[in-house]
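Below: the structure, in structure tokens.
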Amino acid sequence: MSDLFIVRTLPRSGSHLLRGLLSAHPQVDCLGEIFNPLGPPDQQAHAQDLENTAELFERLNDRAQEHATKVGFVCHSYVGYDHPVHPAGVHSWEKKWASLWQVAQETNVPIIRLYRSNAFLRYLSLMKARHLNQWQLWKADGVEPEHRSVSIDPIDLAAFLKDTETFVNEWHLATPAAIDIDFDDLVAQPSETANAVFQMLGVPPLEVKPATLRTSRSPEIDCSNYDALKAEFAGTRFEKFFT
């Protein structure tokens, strides 16, 4: 079994929550978004000076051997993905890692697919985070999340839902998963979900607790025009997101 693993996900799907739970295990070292040059230095330190996936995996394997741990990292699914439908926009630093998923499969690196089945709630979370410039809050900070409703443009939302649908379908076809995790299950049963990953990684079970605060409320409160959106998408394939 490989000593490495990858959490493949999309923004606002619970990666910070999952990372915190996994890193609470003494035999698991889950790094952040190591490819993102816009992220904090500690999250990109392991990839910013590398040129290819083979070098990255070699460095991470050395880290795993040195600390006798399973080493993984969070990676948004846009990384290494080149397609006209690209909800986040294609960046050069993402294209650079085009071989990532192929090499991971060839070397049997487990891929944890973390997803949020309600794409509207993911979009709402994105809009709130951008509006407040508040991407996650740690319980240790003792800071309560700021709550402010946002209004969502139905045309922008429709485009996002269509693009995400296309992207996720291709993503699931292209990347076999060692384990699938739904955001709702992660929130409702954090320790149980983390222990399913621990079992897959071959480390002992451990009771773990979330280190982050939830910043969301009901969509009717977080979205000021929720009822209008619900009416707008009634009778479409996206109405399931508003039930």
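The values are calculated or read from the model by the stated rules, or taken from the named source; none is laboratory data. Please read these numbers as outputs of a predicted model, since none were measured by experiment. With ideal geometry, Cβ positions are generated from the backbone for all residues, glycine too; neighbour counts draw on all protein chains shown.
Observations
- Number of the condition not met by residue 181 [criteria: (1) in a helix (DSSP H, G or I); (2) within 24 Å of residue 121 (Cβ to Cβ); (3) hydrophobic (A, V, I, L, M, F, W, C)]: (1)
- Across region 201-236, the number of residues qualifying as outside any helix (DSSP H, G or I) and without any contact (Cβ under 8 Å) to a residue 40 or more places away in the chain comes to 6.
- When residues of region 174-200 are limited to those that are over 13 Å from residue 13 (Cβ atoms) and free of Cβ contacts under 8 Å to residues at least 24 places away in the same chain, the one farthest from the chain's Cα centre (by Cα): 199
- Any hit, region 107-116, residues being crowded, with 21+ Cβ neighbours inside 10 Å, at pLDDT below 90 and in contact with a Lys or Arg (Cβ under 9 Å, 6 or more places away or on another chain): no
- Of all residue pairs spaced 6 or more apart or on separate chains, those with beta-carbon atoms under 6 Å, a first member in region 58-69 that is at negative phi and a second member that is surrounded by fewer than 16 Cβ atoms within 10 Å (Cβ to Cβ) and of a type outside the set (A, V, I, L, M) are 69/27.
- Residue list for region 63-99, filter: surrounded by 15 or more Cβ atoms within 10 Å (Cβ to Cβ), out of contact with any helix residue (DSSP H, G or I) (no Cβ under 6 Å at 6 or more places or on another chain), among the charged types (D, E, K, R) and at pLDDT 80 or above: 63
- Selection status of residue 239, free of Cβ contacts under 8 Å to residues at least 60 places away in the same chain, loosely packed, with under 13 Cβ neighbours inside 10 Å and either of a type in the set (Asp, Glu) or touching an Asp or Glu at 6+ places or on another chain (Cβ under 7 Å) (or both): no
- The one condition in (1) farther than 26 Å from residue 131 by Cβ; (2) touching a helix residue (DSSP H, G or I) at 6+ places or on another chain (Cβ under 6 Å) that residue 186 fails to fulfil: (1)
- Qualifying residue in region 138-147 (condition: within 30 Å of residue 61 (Cα to Cα), at pLDDT below 90 and either surrounded by fewer than 19 Cβ atoms within 10 Å (Cβ to Cβ) or not basic (Lys, Arg) (or both)): yes
- Set side by side, the residues 60, 56, 50 differ, and just one is at pLDDT 90 or above, of a type in the set (A, V, I, L, M, F, W, C) and not in a strand (DSSP E or B), which is 60.
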